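Trainee: I am attaching a structure below and will ask some questions about it afterwards.
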Amino acid sequence: MKVDNELITALIERWRPETHTFHLPIGETTITLEDVQAIWGLRADGHVFTGRDYHDNFSDWTSKCRDLLGWIPDTSTETKQGGLLMTALINKTRMPLGDDLPTYVYIQRAHIHALILLGGLILLDTTGCKVPFMWLNGLGDPEEVKNISWGSAALAYLYHYLCEASMDKRKELGGPMIPPQIWAWERMPTLRLAFIGPVVHEPYTPCGARWKGTTQIGNAPRHSVEHYRDQIYLIRPGQFIWTPYAPCILPDYCNDVTGCSLCETYLVCWAYVEAHEPGRVRRQFNRYQDIPQYVDRMLRNADHLGKNDRRGKKGNNWANTHQFYIGEWDMRYERFQAAEYAAPMSMNIPMNPGYMAWYNRITVTYMTQPGTWATAGMNESAASMRLFVEGFQQVFHLTTEDEMDPRVRQIREIVKNVLESTNNADVKEYPASQHQDVVMPYEPEVVPRRRGVHGVRTGGHGYTKQFRMSQSLPDYVAPEPQYQEHDPPQCQDVQKWSGARASVDSFFQNYQVVPPVQAEEEDDEGEEETDNVGEENEEEDVVQSIHVQPRPDMEGSSRGGVGKLMSKVYKRLSTRKNKGIEQSKYTPSSYK
């Protein structure tokens, strides 16, 4: 199956590493052991997959490959950085086997197939081209291999790489990405691809086997992060399938008969330790969802946000390092099972009335800013739609049914009809979130001073014609009315763009406004009677010096003859007539 990278990216945007859940508009959801077992048929119950990362009872790894795999790999062409290359393993599976060979030969071939599945599908790293030698230590005894919890190992790898991707710690994404993709198709029909043939689940097969076939042509908008992000924004409570596997007839190895997926415990796979908390997503187990009480109990001890890998720990025995977490996994049935003892979920009352009010206080409501410009190929309207809904939600909760003013009652009725008609009636049960201030203040681009109008870029690195045309003059111009019968009459006493107005405007919040520089004709005879030495440039008669500080007086200068003489010298240095002389430090460039 081809991995839909855009869908995975949209899901990573919703992943919260603190809780190991996807934060959707309808609440918290996640991938549990039940999903891995139902989709892939991987065993959830059993022992953890861990051990030593060094060879034991053998002189080197090639000798161990000879006994467990039936061939000695070439260290120069078939191995790489402490692992076997995937191409070398695949080439060995193409060699035919006879029917009258010893049993250990077939076991060796089974080991090769197991390594290919682990390194290329279940526990793949960011490279996806090699399999660590250390996994051979976990495949020594065939009877022990059957009792390994492969589902918990795959889920630990998935949690680890989703957390690193959401925190932007890696450029390449590893781990099993097929389960989250099928998980999204199973539970959110609006994200599914359109197949040519019908998607039917065959009895006694894993659920992941039915998502096969050829997709329809003309489905290009679905293969974009913006499309998936928009669809996840617009999902409503009735559009999310909480129990998709209930009507399916699954084989015994896909059914969690022991209830292992309901336990709150740790998932261990060699160096990775991740917390499994089904109590936060009880609706996925057809249980009543209340506000989680054990938010940090598991994750605070696991320290999964720290350095949790094998770097700098060569020759480590992970079974001893993670002895505490392995003990927690072995005692999972004696620990708290939040989802098992909860009341069954009702279609009318699926969760606590205050759950969504609590959830909106801890989640990120908007992934994109409402009202942003459209991207190429589509309009992103989900964030704006969400803002509209929250606006109506606030109006609804600000009014009551006992209003005395009939106009207020009419407004409440209009808001109620709009929310119900747009399938947003659930927002009437809880107040709006606190994430209302989503419009970020405009921050002007800092550009170097050049000849021309202040604040308008006229050249430089990255300058284009389109960029120049997109720049507007900072002067405020009142718009002309287009329709006299609809537009209000223009006020004759319009306040001009003054320093007082600029000081309170957000555009000029980082600038100091000073009075404009007045034009002055250069006259040597009149300069001696002038008291203001700050008005010196005769060509700056139309420029408003918003960006420039006035030139301070020289320390110790007086208004006597020496002071006037020095001011005259500085003034001559600042004029455009003295082009060959370096300008003063405090004098702005002149404009024509």
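The values are calculated or read from the model by the stated rules, or taken from the named source; none is laboratory data. What you see is a predicted model, and the numbers here were worked out from it, not measured in a lab. Here the Cβ is made from the backbone with ideal geometry for all residues, glycine too, and neighbour counts use every protein chain on show. Calculation scope for accessible area: heavy atoms of the full protein, side chains included, ligands and nucleic acids excluded. Shrake-Rupley method; radii C 1.70, N 1.55, O 1.52, S 1.80 Å.
Trainee: Whether any residue in the stretch 2-21 is without any contact (Cβ under 8 Å) to a residue 60 or more places away in the chain and farther than 29 Å from residue 290 by Cα is what I want to check.
Mentor: Yes, there is a match, as at least one residue in the stretch 2-21 is without any contact (Cβ under 8 Å) to a residue 60 or more places away in the chain and farther than 29 Å from residue 290 by Cα.
Trainee: Anything in the stretch 126-160 that is aromatic (Phe, Trp, Tyr) and open to solvent by 10 Å² or more (accessible area, probe 1.4 Å)? List them, or say none. Show your work before the answer.
Mentor: Quick first cut of the stretch 126-160, residues aromatic (Phe, Trp, Tyr) only: 133, 135, 150, 157, 159.
Answer for the stretch 126-160, where residues must be aromatic (Phe, Trp, Tyr) and open to solvent by 10 Å² or more (accessible area, probe 1.4 Å): 133, 150, 157.
Trainee: Would you pick out the residues in the stretch 200-232 that are at pLDDT below 90 and among the hydroxyl-bearing types (Ser, Thr, Tyr)?
Mentor: 214, 215, 224
Trainee: Also, I was wondering about something else. Report whether or not residue 62 is among the polar types (S, T, N, Q), closer than 23 Å to residue 145 by Cβ and open to solvent by less than 80 Å² (accessible area, probe 1.4 Å).
Mentor: Yes; evaluated as a whole, the condition is true for this residue.
Trainee: Go through the stretch 328-356 and give me each residue that's over 20 Å from residue 14 (Cβ atoms), among the aliphatic types (A, V, I, L, M), modelled with pLDDT of 75 or more and surrounded by 12 or more Cβ atoms within 10 Å (Cβ to Cβ).
Mentor: Listed by number, the residues that qualify are 342, 345.
Trainee: Which of the residues that make up the stretch 192-213 are open to solvent by less than 20 Å² (accessible area, probe 1.4 Å) and in contact with a His (Cβ under 9 Å, 6 or more places away or on another chain)?
Mentor: 207
Trainee: Then there is this: Quick one: in the stretch 281-303, of everything that is part of a helix (DSSP H, G or I), modelled with pLDDT of 90 or more and among the charged types (D, E, K, R), which residue is nearest to residue 333 (Cα to Cα)?
Mentor: Once the filter is applied, the top-ranked residue is 282.
Trainee: Okay, next question. Does residue 384 fit the bill of being within 22 Å of residue 14 (Cβ to Cβ) and at pLDDT below 90?
Mentor: So residue 384 passes the test.
Trainee: Can you name every residue in the stretch 235-250 that is within 25 Å of the chain's Cα centre (by Cα), of a type outside the set (A, V, I, L, M) and either on the phi > 0 side of the Ramachandran plot or open to solvent by less than 50 Å² (accessible area, probe 1.4 Å) (or both)?
Mentor: Within the stretch 235-250, 236, 240, 242 meet the criteria.
Trainee: Every residue in the stretch 322-369 that is of a type in the set (Val, Ile, Thr) and assigned to a loop (DSSP other than H, G, I, E, B), please.
Mentor: Matches in the stretch 322-369: 349, 363, 364, 365, 368.
Trainee: What pairs come up if the first residue lies in the stretch 191-207 and is closer than 20 Å to residue 7 by Cβ and of a type in the set (Lys, Arg), the second is surrounded by 14 or more Cβ atoms within 10 Å (Cβ to Cβ) and at pLDDT 90 or above, and their beta carbons are under 6 Å apart, counting only those six or more places apart or on different chains?
Mentor: Close Cβ pairs satisfying both conditions: 192/185.
Trainee: State yes or no: is residue 18 open to solvent by 50 Å² or more (accessible area, probe 1.4 Å) and over 22 Å from residue 273 (Cα atoms)?
Mentor: No.
Trainee: If I filter the stretch 103-111 for residues that are open to solvent by 60 Å² or more (accessible area, probe 1.4 Å) and either closer than 30 Å to residue 266 by Cα or touching a His at 6+ places or on another chain (Cβ under 6 Å) (or both), do I get at least one hit?
Mentor: no
Trainee: Would you check if residue 317 is open to solvent by less than 60 Å² (accessible area, probe 1.4 Å), modelled with pLDDT of 80 or more and either basic (Lys, Arg) or within 30 Å of residue 148 (Cβ to Cβ) (or both)? Don't jump to the end; show me each part of the working.
Mentor: On the way: open to solvent by less than 60 Å² (accessible area, probe 1.4 Å): yes; modelled with pLDDT of 80 or more: yes; either basic (Lys, Arg) or within 30 Å of residue 148 (Cβ to Cβ) (or both): yes.
So residue 317 fits the description; yes.
Trainee: Hey, among 56, 35, 45, which residue is more than 27 Å from residue 251 (Cβ to Cβ) and either crowded, with 21+ Cβ neighbours inside 10 Å or of a type in the set (D, E, K, R) (or both)?
Mentor: 56
Trainee: Please go through (1) in a helix (DSSP H, G or I); (2) open to solvent by less than 10 Å² (accessible area, probe 1.4 Å); (3) under 18 Å from residue 44 (Cα atoms) for residue 181 and return the number of the only condition it doesn't satisfy.
Mentor: (3)
Trainee: Being among the polar types (S, T, N, Q) and in a helix (DSSP H, G or I) is the filter; apply it to the stretch 387-421 and report the residue that is farthest from residue 236 (Cα to Cα).
Mentor: Only one residue tops the list, namely 410.
Trainee: I would also like to ask the following. Please count how many residues of the stretch 251-264 are crowded, with 24+ Cβ neighbours inside 10 Å and polar (S, T, N, Q).
Mentor: Looking only at that region, the number is 1.
Trainee: While we're looking at this one, here's another question. Would you check if residue 200 is in contact with a Ser or Thr (Cβ under 7 Å, 6 or more places away or on another chain), of a type in the set (Val, Ile, Thr) and more than 20 Å from residue 16 (Cβ to Cβ)? If you could, list the steps in order and put the result at the bottom.
Mentor: Details: in contact with a Ser or Thr (Cβ under 7 Å, 6 or more places away or on another chain): no; of a type in the set (Val, Ile, Thr): yes; more than 20 Å from residue 16 (Cβ to Cβ): yes.
Against the criterion (in contact with a Ser or Thr (Cβ under 7 Å, 6 or more places away or on another chain), of a type in the set (Val, Ile, Thr) and more than 20 Å from residue 16 (Cβ to Cβ)), residue 200 does not qualify.
Trainee: How many residues does the stretch 165-176 hold that are crowded, with 16+ Cβ neighbours inside 10 Å, within 16 Å of the chain's Cα centre (by Cα) and in a loop (DSSP other than H, G, I, E, B)?
Mentor: Final tally of qualifying residues: 1.
Trainee: Another question about this same structure. Are there any pairs with C-beta distances below 8 angstrom linking a residue in the stretch 223-248 that is more than 21 Å from residue 426 (Cβ to Cβ) and touching a residue at least 60 places away in the same chain (Cβ under 8 Å) to a residue that is acidic (Asp, Glu) and part of a loop (DSSP other than H, G, I, E, B), with the two at least 6 apart or on different chains, and if so which?
Mentor: As it stands, the answer is 223/4; 226/380; 229/380, since those pairs meet every condition given.
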